[in-house]
Each structure stands twice: as C-alpha cells, then as structure tokens.
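Engineer: Structure below; questions to follow.
Read-outs throughout are calculated quantities, based only on the coordinates presented, and are distinct from any laboratory measurement. Since this is a predicted model, take the numbers as computed values, not measurements. In this analysis, Cβ positions are derived from the backbone assuming ideal geometry, glycine residues included, and neighbour counts consider all displayed protein chains.
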Amino acid sequence: MDNTNHFDSIADVFNRIWYFSDDYKDFVIKHIIGDMSLSHNDILADIGGGTGTFTSRLMNEANLRKAYCIEPSSAMCDEASKLENITALCSDAHTFLTSKTPFTKMLLKEVIHHIPERESFWQKAYAMLPNGGKLLIITRPQHIAFPFFAAAKEAFVRNQPPHELFENQLKACGFEVITTQRSHTFTLPKESWYEMLRHRFMSDLGVFSDQEIEEGIKEIEQIYTEDTIDIIDNLIFITAQRR
C-alpha cells in the first residue's frame, strides 16, 4: 500500500485512534524543544507533520515565530489546516526544500524511513539552514518493543533502516551529530491498542489485510492476558547542527 494513500485512509480518525497518553506526548514535546533549542526566534519545518498536532503544540509551547506542517497526504494536511496557529503545506520533503521556504529548525518525527534519496535531502537541508540551525530526527531501533504480532515486527524491521545510517549521512554533509536514546512506557486498555492496530496507525501495518490483523490480535491475546497492555516506546533522537 502506498504510504500517502494509507494515511489518506485514516486521516479523519488519526487523532482519535492515536491513543498514546498525554504523559507520552508531553515527554516527546519536552525533548523536542530541548534538543532543538526551540525559541521565539525560530521558524520550524515539521516534515511529515501529519494532522499538525505536534506542530501546533510546539508552536505554542516554544512560542515560535512560525511553524510549517509539511505533509504529503492531502487528507492529513486538510486536518492540519484546521489549526489556526500553524501553516499546513501539502508537500513531500524534497518539494518543500525546492520551494526555498525559509526555516531555522527542521523536525522529522517518525518519518525519515519514508524519504527517498536522503543524502541529497541532507545536503539541501544543510545549505538552507542558518549557522547554528538544527535538524532533529526521531526514529526507532529496528527491533521494536511494541506489542506487535510477529509478522508486524518483521515488517517493521524491513522498513526501518539502522539509525547509524542516518548519523553517517548527516556527518558526511558537515553536520555535528548527537544521538540520544530514550524510553517511555505507558499503559492502555487492550481494546484501545487493538483499535489502533485495526486502523493501521503505523504505515508498516498497511500491508496486512483485515483477516491478518485479526489473526495478529489473537496472537497478542495469547501473550497478554490482562485487560491492559504496557506499551514500551524506545525512541532515538538524532540532533544535527550546522556549524
């Protein structure tokens, strides 16, 4: 399934089905602001910003000068455009850079594996960032700790490049790179987690049929017997600064 089409299909329910806790969102927002040194002087380009939820919070909480939510899915971008404090642009990452829209900081949260020709992208981003400007990638290790069924874990590994690849590409462009690994655990009712799986909240799940998802849920049921399920999210924050 094409990723853009996949996110088009879940745009209207995306904010509702993404059940990650408020504590989790606060955790991620805090580290984005800290790692990127976001301030009222910054113009943020949030690449693959989806429905703009994080873009909007960053705009408010860091008191940014301006924030762009750059999202290739037209349906997701339509949702982001309803948020009055940010500017939603329906564009892929490369096309955005071609537009020469100025920015001082760039966020790529859980989207880097979707961007082709990354070496070229880093070079263009480096050229457009001001001295001291920062780029932040948030990604995950290849072996995810989510309570997925086995086939879903295998699909994730196939689609997730090792984070060292991104580090090396960024350093080759001249960026100063710092990598920090962080973990956050939260608890959900199992039915909430299953609804997320059924709606294929991550693009890696888009390859599975309804029947395969249901079989996968039965597999998870054999492992997790309580009414709730712990979600362990291991995140990798890669900060690249232009010197």
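Engineer: Where in the stretch 100-142 are there GluC sites (Glu not before Pro) that are in a DSSP coil and have at most 11 other Cβ atoms within 10 angstrom of their Cβ? Before the final figure, lay out the partial values.
Structural biologist: Details: sites: E110, E117, E119; in loops: E110, E117.
Here the GluC sites (Glu not before Pro) that fit, given the DSSP loop and packing criteria, are E117.
Engineer: Do the sum for the chain: with -39,500 (n - 2.57) for every DSSP H run of n ≥ 4, divided by all residues, what is the mean residue ellipticity at 222 nm, to the nearest 500 deg cm²/dmol?
Structural biologist: Working: 11 runs with 104 residues, N = 243.
Rounded to the nearest 500, it is -12500 deg cm²/dmol.
Engineer: Further question on the same structure: Which of the GluC sites (Glu not before Pro) found in the stretch 139-243 are in a DSSP loop and have at most 12 neighbouring Cβ atoms, other than their own, within 10 Å?
Structural biologist: Working: sites: E154, E164, E167, E176, E191, E195, E212, E214, E215, E219, E221, E226; in loops: E226.
Those that pass, being in a loop and sparsely packed, are E226.
Engineer: Follow-up question, since we're still on this one. Can you give me the angle between helix 150-159 and the longest principal axis of the chain, using Cα atoms only, in degrees from 0 to 90, rounded to the nearest 10?
Structural biologist: On a 0 to 90 degree scale, this one is about 20.
Engineer: Name the residue, out of H114, H31, H199, whose mean-square fluctuation peaks in a Gaussian network model built on the chain with Cα pairs under 10 Å.
Structural biologist: H31
Engineer: Using each residue's phi in the stretch 163-168, evaluate 6.51 cos²θ - 1.76 cosθ + 1.60 at θ = phi - 60° and report the 3J(HN,Hα) Karplus result to the nearest Hz, with x for Gly and Pro.
Structural biologist: 5, 4, 4, 5, 4, 5
Engineer: Highest GNM mean-square fluctuation, the chain, Cα pairs closer than 10 Å: which of P130, P141, P189?
Structural biologist: P189
Engineer: Lone cysteines in the chain, defined as no other cysteine's Cβ under 4.7 Å from theirs: which are they?
Structural biologist: By the Cβ distance rule, which asks for a partner under 4.7 Å, the isolated cysteines are C69, C173.
Engineer: Let me ask something else. Amide H to amide H under 5 Å from I231: which residues, 5+ apart in sequence or cross-chain, H placed 1.01 Å off N in plane?
Structural biologist: F186, T187, L188
Engineer: Measure up K100/K171; K82/K218; K134/K218; K66/K124 against 32 Å on the Cα-Cα distance and list the ones that go over.
Structural biologist: Details: K100/K171 23 Å; K82/K218 38 Å; K134/K218 44 Å; K66/K124 21 Å.
Pairs exceeding the cut-off: K82/K218; K134/K218.
Engineer: On to the next question. If I take R0 = 35 Å and measure r between the Cβ atoms of T225 and E61 in this structure, what FRET efficiency does the formula 1/(1 + (r/R0)^6) give, to the nearest 0.05? It would help to have the intermediate numbers written out before the result.
Structural biologist: Values: r = 39 Å, r/R0 = 1.11.
After rounding to 0.05, the efficiency reads 0.35.
Engineer: Rank T228, T53, T87 by mean-square fluctuation in a GNM of the chain with C-alpha springs under 10 angstrom and give only the top-ranked residue.
Structural biologist: So, out of T228, T53, T87, the one fluctuating most is T228.
Engineer: Here's another thing I want to ask about it. Residue by residue, what Karplus-based ³J(HN,Hα) values in Hz, rounded to whole numbers, does the stretch 137-146 have, using 6.51, -1.76 and 1.60 with θ = phi - 60° and x for Gly and Pro?
Structural biologist: 9, 10, 9, 10, x, 5, 9, 7, 8, 4
Engineer: Same structure, new question: If you take the beta carbon distance between S21 and V157 as r and set R0 to 25 Å, what does 1/(1 + (r/R0)^6) give as a FRET efficiency, to the nearest 0.05? Numbers along the way, then the final one.
Structural biologist: Values: r = 26 Å, r/R0 = 1.04.
For S21 and V157, the calculated efficiency is 0.45.
Engineer: Each residue of the stretch 54-69 in turn: what ³J(HN,Hα) in whole Hz from Karplus with 6.51, -1.76, 1.60 and θ = phi - 60°, glycine and Pro shown as x?
Structural biologist: 6, 4, 5, 5, 5, 4, 6, 6, 9, 6, 5, 5, 7, 9, 9, 9
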